[in-house]
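Notes follow the structure.
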Amino acid sequence: LVVVVHAADFQDYEGAHFVLHRIKDKYRRLKVVFADSAYGKCGLPDWVQTTCRLLLQTVLRPVHAKGFVVLPKRWIVERTFAWMNRHRRLSKDYERLTETSETVIYIAMIDLMSRRLAKRKMAF
């Protein structure tokens, strides 16, 4: 829905402000945003509720889990990152400007979605 690329000296929960600011006016039907536990810091859930009128729901790791555990909703994000990394230009950080990186991500996702739509159309 929205891509924000920022410098590495921002923490994820700080960068979430940029993403949610862009989303709040574009997608008014959106009510819940899922995030991992790192996004529950520094008052981000309260800010999201008051400023964006969204519910930030953190997906927590089970208390007694050992080793790798697939977390609900988290796999969706990781799968999307894997799809994007199939595009050679996104495999490394080649871009000098964050705007260019954002554009390349949009192009990669447009490519992915258009290929899927073309396959679906051919199947009928």
Volume per residue (Å³) of the convex hull spanned by the alpha carbons of the range 32-77 is 78 Å³
Using modelled backbone amide H atoms (1.01 Å from N, in-plane), which distant-in-sequence or interchain residues come within less than 5 Å of Thr58's amide H? Ala35
For Leu55 and His17, calculate 0.36 nm times their separation in residues minus their Cα-Cα distance, and state this gained length in nm to one decimal. 12.3 nm
Take Met113, Met84 and sort them by solvent-accessible surface of the protein heavy atoms, 1.4 Å probe, largest at the top. Met113, Met84
Among Ala108, Ser91, Thr51, flag the residue with its Cα farthest along the positive direction of the charge dipole of the chain, charges on Cβ as +1 for Lys/Arg and -1 for Asp/Glu. Ala108
Radius 15 Å from Cβ of Tyr13, net charge of other residues (Lys, Arg +1; Asp, Glu -1): -4
Quickly estimate the mean residue ellipticity at 222 nm for the chain, helices only: each DSSP H run with n ≥ 4 gives -39500 (n - 2.57), and the total goes over all residues, rounded to 500. -15000 deg cm²/dmol
So how far apart, in nm, are the two label points at Tyr94 and Thr80 if each is 7 Å from Cα heading toward Cβ? 2.3 nm
Expressed as a percent, the accessible surface of the chain that is carbon or sulfur, using a 1.4 Å probe and the full set of protein chains, is 58 percent
I'd like the per residue volume of the convex hull spanned by the Cα atoms of the chain, given in cubic angstrom. 163 Å³
Taking the Cα centre of the chain as origin, sum charge times position over the Cβ atoms of Lys and Arg (+1) and Asp and Glu (-1), and report the length of that vector in debye to the nearest 20. 860 debye
For Lys31, the lysines lying under 24 Å Cα to Cα, once residues fewer than eight places off in the same chain are dropped, come out as Lys41, Lys73
Per residue accessible area in Å² of the chain, where ligands, DNA and RNA are left out and the probe is 1.4 Å: 80 Å²
Of the listed peptides 97-107, 59-69, 26-36, what is their order by residue-averaged count of other C-beta atoms within 10 Å, with the highest listed first? 97-107, 26-36, 59-69
Suppose we keep just the alpha-carbon trace of the range 11-51; what are its Rg and Dmax in angstrom? 9.9, 27
Per residue convex hull volume, Cα atoms of the range 38-109, in Å³: 155 Å³
Cut-off 12 Å, label 7 Å out along Cα→Cβ of Arg115, residues of the range 58-88 by amide N: 83-88
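The values are calculated or read from the model by the stated rules, or taken from the named source; none is laboratory data. What you are looking at is a predicted structure, and each value in this text was computed from that prediction instead of being measured. All Cβ positions, even for glycine, are placed from backbone atoms using ideal geometry, and neighbour counts span all protein chains on display. These accessible areas exclude ligands, DNA and RNA; they are computed on the full protein's heavy atoms, side chains included. Shrake-Rupley method; radii C 1.70, N 1.55, O 1.52, S 1.80 Å.
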